[in-house]
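Here is the structure we will look at.
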Amino acid sequence: LKYIYQFMYNERVLIFIIRLLGGITMENIKFEQKGFIGIITISRPSALNALNSQTLSELESTVDAVSADTLRCLIITGDGPKSFVAGADIAEMKDLDQKGAAKFSTLGNRVFRKIEKLPIPVIAAVNGFALGGGCELSMCCDIRIASENAVFAQPETSLGITPGFGGTQRLARIIGLSKAKMMLYTCKKIKAPEALAMGLVDEVCAPEELMVKAEELATKISLNAPYAVRASKAAVNKGMQQDIDSALDTEIDEFSGCFNTVDQKNAMTAFCEKRKPDPFQNK
């Protein structure tokens, strides 16, 4: 009831709750909110949080309920110290035909693209194994923080397949073409320090500090003007797919749009008056 009351005014969250009450139970996904921060936990510990169709569908329903009206940052992590996500569920995949494989890949790509396109920043808090689909899930997030025991890999070619949830596309964009090809071709396991050095993760910490660090970062983000943070994300993401002139036009649009907000007037007035701005209203 506390959860329902907290989000009563948000239509998308209400739809999500109605689906839950209607019998669509979340067995493998946990969600909690701390202030303006949402935390999604992949919770299928018996399979090291591997992604089967049910888990992906539950994750999609949860992501669909995320709203910039109530959240300013989202954290995605895995349940337990051993695994963030150990990959897509091989037991489910092994007997698929080409049509079934295309359907499974389409589902995973759709869910991960929804995460990538969320207007608010998304932080991956990576504990333990981030293999295959787990590595791909981390890469669709904006920022990746890894515990010292994190291990990344795209081991698909050792199983006779390619990555199917965006790994062949995002990996090269994040770490560069040749390093991505090395990982894809060799299935090499990358430990946290090497992942940090190659730019696959942004910070490494002790396992017991992982969620503390992730929540601290999410809090720092949530203290800034929400519209401006969302506009910055939009400008970067759109601009990466454009030529430089079009990208600069995108920046002009996002920059100028901020000047229609209450938060911009508040912050700039406070700066000129040499005082702290009032809390941002997300308006």
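The values are calculated or read from the model by the stated rules, or taken from the named source; none is laboratory data. Only a predicted model underlies this, so the values are computations on that prediction, with no experimental measurement involved. Cβ sites come from the backbone with ideal geometry, for glycine too, and all protein chains shown count toward neighbours. Just so you know, the surface numbers come from the protein's heavy atoms only, side chains and all, with ligands and any DNA or RNA stripped out. Shrake-Rupley method; radii C 1.70, N 1.55, O 1.52, S 1.80 Å.
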State all residues of segment 63-94 that are out of contact with any strand residue (DSSP E or B) (no Cβ under 9 Å at 6 or more places or on another chain) and over 24 Å from F129 (Cα atoms); if no residue qualifies, say none. D64, S67, A68, D69
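Return the total of residues in segment 237-278 being over 30 Å from I174 (Cβ atoms), under 26 Å from the mean Cα position of the chain (by Cα) and open to solvent by 40 Å² or more (accessible area, probe 1.4 Å).
Going through segment 237-278, the residues over 30 Å from I174 (Cβ atoms) turn out to be 259-278.
Now restrict to residues that are under 26 Å from the mean Cα position of the chain (by Cα): 263.
Of the ones still in play, those that are also open to solvent by 40 Å² or more (accessible area, probe 1.4 Å) are none.
Final tally of qualifying residues: 0.
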Which listed residue is touching a residue at least 24 places away in the same chain (Cβ under 8 Å) and loosely packed, with under 14 Cβ neighbours inside 10 Å, from A101, A86: A101
Which one is least open to solvent (accessible area, probe 1.4 Å) among residues in segment 27-61 that are farther than 16 Å from V85 by Cβ and part of a loop (DSSP other than H, G, I, E, B)? G35
I need the full set of residues from segment 126-157 which are under 12 Å from V201 (Cα atoms), outside any loop (DSSP other than H, G, I, E, B) and within 13 Å of the chain's Cα centre (by Cα), in order please. V126, C135, S138, M139, I143, R144, I145
Extreme residue, most open to solvent (accessible area, probe 1.4 Å), among residues of segment 135-164 that are in contact with a Lys or Arg (Cβ under 8 Å, 6 or more places away or on another chain) and within 19 Å of V111 (Cβ to Cβ): D142
Within segment 200-236, residues touching a helix residue (DSSP H, G or I) at 6+ places or on another chain (Cβ under 8 Å), open to solvent by 30 Å² or more (accessible area, probe 1.4 Å) and in a loop (DSSP other than H, G, I, E, B) come out as D202
For segment 6-28, state whether one or more residues are at pLDDT 95 or above and closer than 27 Å to A214 by Cα. yes
Complete set of residues in segment 62-110 that are assigned to a loop (DSSP other than H, G, I, E, B) and among the aliphatic types (A, V, I, L, M): A65, V66, A68, L71, A86, L96
